[in-house]
1. Note down the magnitude of the dipole of the range 266-317 about its Cα centre, charges +1 on Lys and Arg C-beta and -1 on Asp and Glu C-beta and zero elsewhere, to the nearest 20 debye.
2. Can you give the Kirkwood hydrodynamic radius for the range 95-169, in Å, rounded to one decimal and based on Cα pairs?
3. Tally Lys/Arg at +1 and Asp/Glu at -1 over every other residue whose Cβ is under 15 Å from the Cβ of residue 176; what's the total?
4. Given DSSP loops and a limit of at most 13 other Cβ atoms within 10 Å, what is the longest stretch of the chain that contains no such GluC sites (Glu not before Pro)?
5. Quick check on my link table: of 19/140; 140/441; 87/402; 140/236; 441/474, which ones sit more than 29 Å apart, alpha carbon to alpha carbon?
6. Answer with a single label: of [x] 69, 60, 53; [y] 76, 56, 48; [z] 69, 52, 50, which was calculated as Cα extents along the principal axes in Å from the structure in view?
7. Can you give the local net charge around residue 197? Use residues other than it whose beta-carbon is closer than 14 angstrom to its beta-carbon, Lys and Arg +1, Asp and Glu -1.
8. Can you tally the net charge around residue 468? Count Lys and Arg as +1, Asp and Glu as -1, for every other residue whose Cβ sits under 14 Å from the Cβ of residue 468.
Amino acid sequence: MPVETRRPVPPPEETPEQKSARLRSQITTYLENFARAIEETQGPNNVKPHSPEDFQVRVDETMVFIDRNDFINRELNSERYNRVREKERHQKANVIMAATACVDPRVPRYIFGREISMIKVPQGEITTIRRPSDNKRIPKSATLRQGIRNAAESDRELFEFFFVHTDTINNVHGCSGMGNVLADLDGHDSIDFNEKHAISQEPTAVDANIRLSVQTTEEAITNYYNICRKMAGKVKVARVGITAIYDTDTIGIIVRKDGEDLSTTDLTNKHLDEISTLSGQQGKYAETFTDERYLLDFLEDVADTTETLLNSDNQLVQEVDKFLQKHYSDLTGNQHAAARWGLVRMCSVKYLIGNLQNVNGKPNHSFVDQVADSPISISLNGEALGEFDTKQHFWSSPGSIKAAISETDLQTSVVRKIPGHSTKPTAVFVCSSADDEDASKRNKGYGRTLELNEMLVDELVVSREVGTLLLNDKIIIIPTVISDTTRLVIEIPDHTGSF
């Protein structure tokens, strides 16, 4: 849960076209050296032959992903979007907003904008440890703990959505990560016997996932936040957030508590006339909300519609307030306002993208089914290539090297089982983030970033799971350094000398 404490710095003095050409040269050189390193490891007789055309396609596909990442993030670091962020800061009260979500690419971060920071981990469950002094569960990731500490010491309170996900209409996919947990619940070592028993008693996989999230992610972050607040001389809070369901079919949030659901999709449909009277833009982005060229228009209208709803007397907001007061009365006033903002904002999203169903009532948008040949991004820092992509791709924020290996293996397995996936290797971008000033000066700080990136690549390559995928031509690892503020790509470093 990185907390942004600085204004994004301007991009370096390099045109987008010049930068794209530079990165294309770097990726071409890297992929040539990568292929040579794999051939030396396997021997020329054991390497699957790739034609020059195959190689050029790989370079082109990689650059499409990188160029789209940079286009989107130039938009999200523009003065125009800064005005949207400023508006949303006022709407959500004096609160730092964050979220955890599953690595599933059908849960896109861009829908939430930049005012909600996000980490992605399998089944929405962060890696946790027990604190030796009192056995309290806390996050294992030092990066995540530092973000929580910054939030606890801030003059703003923290509120998080802890997302699990499901598909309420198709009811076909569900969560692969949670499916793996339930298939081997006894072997899931992050929870104890009593917690496993409680999970096993839940009626559905999504209810089991909610309980798992509450027992691990929500508990650990709440514990550590209160530990840090106590160290800062502040009083504890009862909770730091709400575990909720993200519905990939309807693109909505469902909050489930004590047998009662609050669905942003149902709320929107129930109050369509009321919203239309206030806004009048229903379904405006039904065809374009996944097109990066319309991203700023979409996010501007989401902010404006949300502001209209929050600043008027209407039944939709009243229903949200009533539900939160009934089931989450232990939220602070600022946290309640943040939860209200997040839920009302998703109603605005749903209103603007429309029903998104065909004549048979089935969802028909591009986040219903996982897409074949999706790339993967892995980042220990949390900042990843394609983090705000409007197209599907897997990305995750593992809390350790061990988790990075496991998540790379898991995501590759899922990607390669998607119907229509080609035989070509899956691109895995191993990301590290750097300070823009360090990068421009190429100083020791930036050198340390390159060292950490190479260290992560080395650990992946020598691991049994990822090494096997590499040698069997299932994946291509692509080291990537991005800006920790703008998320623009800085360079593609070549670590193949250590392969």
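Any read-out appearing in this document is the output of simple, stated calculations on the displayed coordinates, not a laboratory observation. Every value quoted in this text rests on a predicted model; they were computed, and no experiment measured them. Note that each Cβ is placed from the backbone with ideal geometry, even for glycine, and that neighbours are counted across all protein chains shown.
1. Computed charge dipole of the range 266-317: roughly 100 debye.
2. Details: mean 1/r = 0.0727 Å⁻¹.
With all distinct Cα pairs of the range 95-169 included, I get 13.8 Å.
3. Once all neighbours under 15 Å are counted, the net charge is -3.
4. So the longest stretch without any such site is 15-286.
5. Exceeds cut-off: 19/140; 140/441; 87/402; 441/474.
6. Label [z] holds the value from this structure.
7. -2
8. Result for the neighbourhood of residue 468: 0.
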